[in-house]
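The values are calculated or read from the model by the stated rules, or taken from the named source; none is laboratory data. All figures in this text were calculated on a predicted structure; none of them were measured in a lab. All Cβ positions, glycine included, derive from the backbone under ideal geometry; neighbour counts span all protein chains shown.
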Amino acid sequence: MDLSDGRTAHLIDLGAADGGALLDRIAAELPAASDAVTGFWGPQWPRSVTVVVAGSGEQFAVLAGGGADVAATTTAQRITFSPAAAAMTGHDLRIVLRHELFHYAARAQTAADAPVWLTEGVADYVGRPPTPPPPVPGEGSVPTAAELGTAGPQRSAAYDRAWSFATYIADTYGEPALRELYLAAGGHGHRGAAAAVRDSLGVEWSDVLTGWRQWRPDGAR
């Protein structure tokens with residue numbers, strides 16, 4: 001399908017029971033998802049997007065490395081949805097698609113060892129609706145890779161903290177600064193978080209953490 005920004009989306013059903021219907025829903029969301037990603041990241045990302053719905057949970061695990069608790073994964077070649085994503089609400093599917101499409105757009109400029117709190121937090125910032133994130137505990141810290149990779153309530157809370165941190169940066173310093181931080185802390189040849197924050201935001205890591213912990217968002221983007 002052709003998107004309004006000139007990109008082309010290739011939608012592939014590998015035989016899931018509800019794969020065709022899921023792809024129809026994805027197709028309906030793709031134009032706005034593409035606009036959301038471009039609005040944050042800029043237009044310089046791949047002109048062709050491939051979205052695949054795996055035929056089974058087992059195939060999803062083999063092709064995409066996704067477990068039963070994962071709706072979709074992204075590689076440089078494609079975004080792959082689990083067939084179980086057919087049961088998602090429209091709201092949740094919209095978030096997942098935008099989240100994964102950001103990963104797809106940023107993939108070429110993201111280092112393999114980029115901090116997961118950064119890559120997932122920014123993807124959630126792009127993917128989630130413009131509403132305030134939940135408050136951060138007084139001694140809250142950016143989540144570890146282990147917290148973000150563990151199934152269950154802990155993982156959901158970790159994603160909320162990553163999203164909150166990214167939203168705080170955008171709200172306090174502006175979206176261009178969040179993009180700059182993403183590249184400084186997660187791009188190829190990136191520096192550590194403290195140096196990246198100093199270079200991109202002009203403040204110290206400790207000051208950012210303190211500001212984030214004290215931040216009480218009262219509105220949305």
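Pick from the stretch 1-27 the residues that are in contact with a Gly (Cβ under 8 Å, 6 or more places away or on another chain) and part of a helix (DSSP H, G or I): which of them is farthest from Q44 (Cα to Cα)? Before the answer, list the steps.
As a first pass, look at the stretch 1-27 and keep what is in contact with a Gly (Cβ under 8 Å, 6 or more places away or on another chain): 13-16, 19, 25.
Of the ones still in play, those that are also part of a helix (DSSP H, G or I) are 19, 25.
Working: G19: 30, R25: 26 Å.
Restricting to residues being in contact with a Gly (Cβ under 8 Å, 6 or more places away or on another chain) and part of a helix (DSSP H, G or I), the top hit is G19.
Mind listing just one residue for me: the one in the stretch 144-165 that is hydroxyl-bearing (S, T, Y) and touching a residue at least 24 places away in the same chain (Cβ under 8 Å) and, of those, nearest to L178 (Cα to Cα)?
S164
Does the stretch 55-62 include one or more residues that are surrounded by fewer than 14 Cβ atoms within 10 Å (Cβ to Cβ), over 30 Å from A184 (Cα atoms) and not aromatic (F, W, Y)?
Looking through the stretch 55-62, at least one residue is surrounded by fewer than 14 Cβ atoms within 10 Å (Cβ to Cβ), over 30 Å from A184 (Cα atoms) and not aromatic (F, W, Y).
Report the residue count in the stretch 154-171 for those that are farther than 10 Å from V122 by Cβ and of a type in the set (A, V, I, L, M).
2
Residues in the stretch 28-58 that are in a helix (DSSP H, G or I) and either under 20 Å from the mean Cα position of the chain (by Cα) or under 26 Å from L183 (Cα atoms) (or both): how many?
Quick first cut of the stretch 28-58, residues in a helix (DSSP H, G or I) only: 28-41, 57-58.
Next, only the ones that are either under 20 Å from the mean Cα position of the chain (by Cα) or under 26 Å from L183 (Cα atoms) (or both) stay: 28-41.
Residues that pass the stated criteria total 14.
What about A196, is it farther than 21 Å from L148 by Cα, modelled with pLDDT of 95 or more and either in a helix (DSSP H, G or I) or charged (D, E, K, R) (or both)?
Considered against the rule, which asks whether it is farther than 21 Å from L148 by Cα, modelled with pLDDT of 95 or more and either in a helix (DSSP H, G or I) or charged (D, E, K, R) (or both), A196 comes out as yes.
Between H99, H103, H10, which is at pLDDT 95 or above and loosely packed, with under 13 Cβ neighbours inside 10 Å?
H10
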